[in-house]
1. Go ahead and run the numbers for FRET between Asp121 and Arg243, Cβ-Cβ distance against an R0 of 35 Å, rounding to 0.05.
2. Can you work out the Karplus-derived ³J(HN,Hα) for every residue in segment 199-209? Use 6.51 cos²θ - 1.76 cosθ + 1.60 with θ = phi - 60°, whole Hz, and x for glycine or proline.
3. Sorting Phe56, Phe158, Phe238, Phe67 on the 10 Å Cβ count, fewest up front, what's the list?
4. Quick check for me: using +1 on Lys/Arg Cβ and -1 on Asp/Glu Cβ, what's the dipole size of the chain about its Cα centre, in debye to the nearest 20?
5. Between Ile220 and residues 5 or more places away or on another chain, which pairs have amide H atoms under 5 Å apart, with H built 1.01 Å from N, and which residues are they?
6. Give the residue from Gly66, Gln78, Thr34 lying farthest towards the positive end of the charge dipole for segment 15-89; charges sit on Cβ (+1 for Lys and Arg, -1 for Asp and Glu) and the dipole is referred to the Cα centre.
7. Student exercise: in the chain, how many lysine pairs 8 or more apart or on different chains have Cα atoms under 18 Å apart?
8. Please give, to one decimal in nm, the separation of the simple spin-label points placed at Ser64 and Thr180, each 7 Å out from Cα toward the Cβ.
Amino acid sequence: MEAKFYCMKVTSEDDRYAVRSVVRALDILIVLSTQNGPVSLADLAKETSLNPSTAFRLLESMRSRGFVRQADSGRGYQLDSRVVDLGSAFLRSVSIWDYARELADQLAEDVSETASVGVLDQGKVLYIAIARGQRELGIQSQSGTRHPAYCTALGKVFLADLPWAEAAAILDAESMVRLTASTIVEKAAMRKELETIRSRGYAIDDEERNPHVVCIGAPITDHTGRSVAAVSISGPAFRIRERGIENVARRVTERAAEASLRMGGRTV
């Protein structure tokens, strides 16, 4: 079966400062990072649009520094341990807690409503940053607040990321009280809701915690693909619906995707 490779080419107004050999070497590393096994010199040269002799020299330079190695079979190249060192150093340097306020401010400005960033803590949603983008008739809350997972958009994002057994354990530990006419209080209905969230890519609190308030949340993932945090927009139901739930959700998911990349995650 023919292997498929994905080499991302990034351009910007600062390309004039780029060192071509460094860019080429990084392109090779990107291709290698998409594969589970060795990649031949010919395939690497083809996917990076390099002459094989150039690709070979770059590979040997990176091999001497421990970033790539030849496969044990002698057929092809793969990443080596120094790449892991770099990745680990990156992960130690990033924290959603450091970035949460900036993210909330950005999203609040985008949508002109209340933006929140939260994490799952002991089965509840802990709000770690809140920014208000509206001038009047806004949602009043503050960082440090905790809310149940079952009735909030952020909480349902986390529940949808968990295996059902783990999500059900959280629901069992928290009485699913009917707070409004729209609150989901049956586990079977919640399980179906979580399946919808996974398929759709975002969660909606449709007046489930507070009447007349709609909230839309999306996951922020790390390098493992798990949700380490979530971000949301909340606002009066009439205003969110006037803007269009799908339109607001699109901006929320875009900001969540940007945050995921910053946390070391990948977007599809």
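Rule-based calculations on the coordinates, nothing more; no lab input. Note that the structure is predicted; figures quoted are calculated from it, not measured. Methodologically, a virtual Cβ is constructed for each residue, glycine included, from the backbone with ideal geometry; neighbour enumeration extends over all protein chains shown.
1. On the way: r = 30 Å, r/R0 = 0.87.
Calculated transfer efficiency: 0.70.
2. 6, 7, x, 7, 10, 10, 9, 8, 6, 8, 9
3. On the way: Phe56 15, Phe158 28, Phe238 11, Phe67 20.
Ranking Phe56, Phe158, Phe238, Phe67 by Cβ neighbours within 10 Å, fewest first, gives Phe238, Phe56, Phe67, Phe158.
4. On the way: 35 positive and 35 negative charges, 100 e Å.
For the chain, the charge dipole is close to 480 debye.
5. Distant-sequence amide H within range of Ile220: Val228, Ala229, Ala230, Val231.
6. Checked the options; the winner is Gly66.
7. Values: Lys4/Lys46; Lys9/Lys46; Lys124/Lys156; Lys124/Lys187; Lys156/Lys187; Lys156/Lys192.
Within the chain, the lysine pair count is 6.
8. Between Ser64 and Thr180, the simple spin-label model gives 6.5 nm.
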